[in-house]
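A quick write-up on the structure given underneath.
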Amino acid sequence: LRTGFPFRVESLTGQHIARARRSSRPMLRHQVFFWLKRPGNLEDRAALIAGLRTLGGIEQVRVLHIGTPAPTEARDVVDASFDVSELMEFTSAADQKAYQDHPLHLAFVAQCEHLWARVVVYDTLEV
């Protein structure tokens, strides 16, 4: 996603929905990878994706991208072992903290944590 405009994107199977947001360009990226307890289970994957989509209702979330492993060339440096990923962008670390404490995020964890066996998070600042 390349733009000079504030964007919010939700993605699944190549469909993108963009909604304008009022604020400056996001600076903090929150990338999360999920491994399901039942790897490859389509019902569990759909339930997790549905839960992740609810997080787009949190005001501090500037961008939301939900994805599954891409069918790219197998290479030693590519890890496609996860089932679902989400990428969020925030304007600041304070906004990311507000997201972590938000009732919608807490409800998502309570409703979906039984689905995953492992979660890995990478939080990065834009340079």
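The values are calculated or read from the model by the stated rules, or taken from the named source; none is laboratory data. These numbers were taken from a predicted model, which means no experiment stands behind them. Because the Cβ atoms are built from the backbone with ideal geometry, glycine has one as well, and the counts that use them run over all protein chains shown. Calculation scope for accessible area: heavy atoms of the full protein, side chains included, ligands and nucleic acids excluded. Shrake-Rupley method; radii C 1.70, N 1.55, O 1.52, S 1.80 Å.
Condition first: within 16 Å of residue 48 (Cα to Cα) and either assigned to a strand (DSSP E or B) or more than 14 Å from the chain's Cα centre (by Cα) (or both). Now tell me which residues in segment 82-103 satisfy that.
Of all residues in segment 82-103, those within 16 Å of residue 48 (Cα to Cα) come to 82-88.
Scanning segment 82-103 gives 84, 85, 86, 87, 88.
Inspect all residues belonging to segment 45-67 and state whether any of them is of a type in the set (D, E, K, R), touching a Pro at 6+ places or on another chain (Cβ under 8 Å), part of a loop (DSSP other than H, G, I, E, B) and more than 26 Å from residue 117 (Cβ to Cβ).
So in segment 45-67, the residues of a type in the set (D, E, K, R) come out as 45, 53, 59, 62.
From what is left, the residues that are touching a Pro at 6+ places or on another chain (Cβ under 8 Å) are 62.
In the following step, the residues that additionally are part of a loop (DSSP other than H, G, I, E, B) were identified as 62.
Filter once more, so that each one left must be more than 26 Å from residue 117 (Cβ to Cβ): 62.
Looking through segment 45-67, at least one residue is of a type in the set (D, E, K, R), touching a Pro at 6+ places or on another chain (Cβ under 8 Å), part of a loop (DSSP other than H, G, I, E, B) and more than 26 Å from residue 117 (Cβ to Cβ).
Within the bounds of segment 37-44, is there any residue that is out of contact with any helix residue (DSSP H, G or I) (no Cβ under 8 Å at 6 or more places or on another chain), open to solvent by 60 Å² or more (accessible area, probe 1.4 Å), in a helix (DSSP H, G or I) and more than 27 Å from residue 27 (Cα to Cα)? Before you say what the answer is, go through the steps one by one.
Of the residues in segment 37-44, the ones out of contact with any helix residue (DSSP H, G or I) (no Cβ under 8 Å at 6 or more places or on another chain) are 39-43.
Subset that is open to solvent by 60 Å² or more (accessible area, probe 1.4 Å): 39, 42-43.
Subset that is in a helix (DSSP H, G or I): 42-43.
With the extra rule that they be more than 27 Å from residue 27 (Cα to Cα), the set shrinks to 42-43.
Taking every residue of segment 37-44 in turn, at least one turns out to be out of contact with any helix residue (DSSP H, G or I) (no Cβ under 8 Å at 6 or more places or on another chain), open to solvent by 60 Å² or more (accessible area, probe 1.4 Å), in a helix (DSSP H, G or I) and more than 27 Å from residue 27 (Cα to Cα).
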message: Could you check segment 52-64 and list, in sequence order, the residues that are more than 15 Å from residue 96 (Cα to Cα) and open to solvent by less than 10 Å² (accessible area, probe 1.4 Å)?
response: 52
task: Could you check, for segment 120-127, whether at least one of its residues is modelled with pLDDT of 95 or more and either open to solvent by less than 60 Å² (accessible area, probe 1.4 Å) or assigned to a loop (DSSP other than H, G, I, E, B) (or both)?
output: yes
task: Taking the residues in segment 65-91 that are open to solvent by less than 40 Å² (accessible area, probe 1.4 Å) and of a type in the set (Ser, Thr, Tyr) as candidates, determine which candidate is nearest to residue 33 (Cα to Cα).
output: 85
query: If you go through segment 104-119, how many residues are in contact with a Leu (Cβ under 8 Å, 6 or more places away or on another chain) and assigned to a strand (DSSP E or B)?
result: 2
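Residue under question is residue 11, and the condition is that it be under 22 Å from residue 117 (Cα atoms), under 17 Å from the mean Cα position of the chain (by Cα), of a type in the set (S, T, N, Q) and modelled with pLDDT under 95; does it hold? Can you show your working first?
On the way: under 22 Å from residue 117 (Cα atoms): no; under 17 Å from the mean Cα position of the chain (by Cα): yes; of a type in the set (S, T, N, Q): yes; modelled with pLDDT under 95: yes.
It is false that residue 11 is under 22 Å from residue 117 (Cα atoms), under 17 Å from the mean Cα position of the chain (by Cα), of a type in the set (S, T, N, Q) and modelled with pLDDT under 95.
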message: Report every pair of residues separated by at least 6 positions or lying on different chains whose Cβ atoms are under 6 Å apart, first residue within segment 111-127 and in contact (Cβ under 8 Å) with a residue 24 or more places away in the chain, second part of a strand (DSSP E or B) and open to solvent by 100 Å² or more (accessible area, probe 1.4 Å).
response: none
